[in-house]
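Trainee: One structure is given below, represented as structure tokens, and several questions about it will come after.
The values are calculated or read from the model by the stated rules, or taken from the named source; none is laboratory data. This is a predicted model, so every value here is computed, not measured. Glycine gets a Cβ as well: all are built from the backbone with ideal geometry, and neighbour counts include every protein chain shown.
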Amino acid sequence: MQALYDVPAPAKLNLFLHVTGRRADGYHLLQSAFMLIDWCDTLHFELRPDGRITREDLAGALPEEDLTVRAARALQQACACPLGVHIGVAKRIPAQAGMGGGSSDAASTLLALNRLWRLGLTRAQLMALALPLGADLPFFLCGTNAWVEGIGERITPLTGQNALPAQRFAVVKPAAGLATAGIFSSLSSQDYFGNATISGFAADPFGFGRNDLQGVAEALCPEITQAISWLRTLGLHGRMTGSGSAVFAAVSQAVHLPAPPGAWQVEVCDNLAVHPLAGWATE
């Protein structure tokens with residue numbers, strides 16, 4: 001195998017996000033339901049025999065040392081792999097949106113290179129390697145929608161009786177973005193919601209709980225409030241995903257949305273039951 005082309009990296013939405021505490025090292029503890037959607041980046045991987053890792057940006061410039069490169073290097077070093085790769089990244093998922101685009105790209109990179117370099121790592125090994133790179137990465141490797149706790153390392157697949165029903169969503173990304181670190185640094189204990197249960201969530205998965213980061217994010221980025229208000233004028237109940245600035249609302253299958261204000265991005269997306277690369281790692 002010399003190459004893997006058209007490798008998808010799907011975005012996620014946080015159906016709810018509760019902050020439950022803070023560790024001594026400063027990391028916040030979370031509870032959330034992560035849901036995959038069909039808004040995807042596309043990656044291409046070509047084998048390099050010289051051990052070099054290079055990247056080509058196919059749809060807008062990315063930071064030189066982005067998560068795809070860092071993930072490739074971490075995997076290469078962990079396995080002492082002499083092979084390299086040239087990575088092409090076609091970004092569609094907006095940055096600073098709370099949709100996990102960079103983490104998803106890195107997870108798809110780990111799955112693709114595990115196959116291209118014939119390393120044979122299990123899903124659990126890839127997830128352990130991924131966590132230091134970013135708290136969202138293990139979710140994108142688990143293969144399904146999931147209930148996520150801790151700093152992102154405690155993952156319970158939402159399958160069987162807890163599986164999410166098929167649903168369409170309007171996702172709105174305002175022009176302004178937000179840095180995750182700035183949101184968490186502005187949180188106080190008064191913003192914490194408390195512990196929830198999977199059974200409580202499963203009874204109303206698209207209306208359960210709240211996003212504890214939303215109040216802080218709206219104060220820092222008024223466009224989030226404006227986007228939620230715009231959805232409300234369409235009869236839709238909006239909520240922010242992750243640390244923002246994207247918001248989303250469940251919609252009917254036949255929805256037609258008007259043109260959004262300004263430079264906002266709007267996509268109508270379907271949720272995914274499984275990750276498109278779910279079969280690319282052994283258990």
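Trainee: Considering every residue within region 151-164, establish whether at least one is out of contact with any Leu (no Cβ under 7 Å at 6 or more places or on another chain), assigned to a loop (DSSP other than H, G, I, E, B) and without any contact (Cβ under 8 Å) to a residue 60 or more places away in the chain.
Mentor: yes
Trainee: Residues in region 137-149: is at least one in contact with a strand residue (DSSP E or B) (Cβ under 8 Å, 6 or more places away or on another chain) and on the phi > 0 side of the Ramachandran plot?
Mentor: Within region 137-149, the first condition is being in contact with a strand residue (DSSP E or B) (Cβ under 8 Å, 6 or more places away or on another chain), and the residues that meet it are 138-140, 142-149.
Now drop any that are not on the phi > 0 side of the Ramachandran plot, which leaves 143.
Yes: one or more hits.
Let's see how each residue does on (1) touching a Ser or Thr at 6+ places or on another chain (Cβ under 7 Å); (2) within 18 Å of Leu13 (Cα to Cα); (3) touching a residue at least 24 places away in the same chain (Cβ under 8 Å); (4) buried (at least 20 other Cβ atoms within 10 Å of the Cβ):
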| position | (1), (2), (3), (4) |
| --- | --- |
| Ala202 | no, yes, yes, no |
| Asp212 | no, yes, yes, yes |
| Thr233 | no, no, no, no |
| Arg239 | no, yes, yes, yes |
| Ser245 | no, yes, yes, yes |
| Phe248 | yes, yes, yes, yes |
| Ala273 | no, yes, yes, no |
| Ala281 | yes, no, yes, yes |
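Trainee: Which of the residues that make up region 246-283 are closer than 30 Å to Leu141 by Cα, assigned to a loop (DSSP other than H, G, I, E, B) and modelled with pLDDT under 95?
Mentor: Ser252, Gln253, Ala281, Glu283
Trainee: Quick one: is Leu131 farther than 22 Å from Val266 by Cα and either surrounded by 24 or more Cβ atoms within 10 Å (Cβ to Cβ) or touching a strand residue (DSSP E or B) at 6+ places or on another chain (Cβ under 8 Å) (or both)?
Mentor: No; evaluated as a whole, the condition is false for this residue.
Trainee: What pairs can you find where one residue is in region 250-263 and more than 22 Å from Phe208 (Cβ to Cβ), the other is surrounded by 10 or more Cβ atoms within 10 Å (Cβ to Cβ) and acidic (Asp, Glu), and their Cβ atoms are less than 9 Å apart, with a gap of 6+ or different chains?
Mentor: Gly262/Glu223
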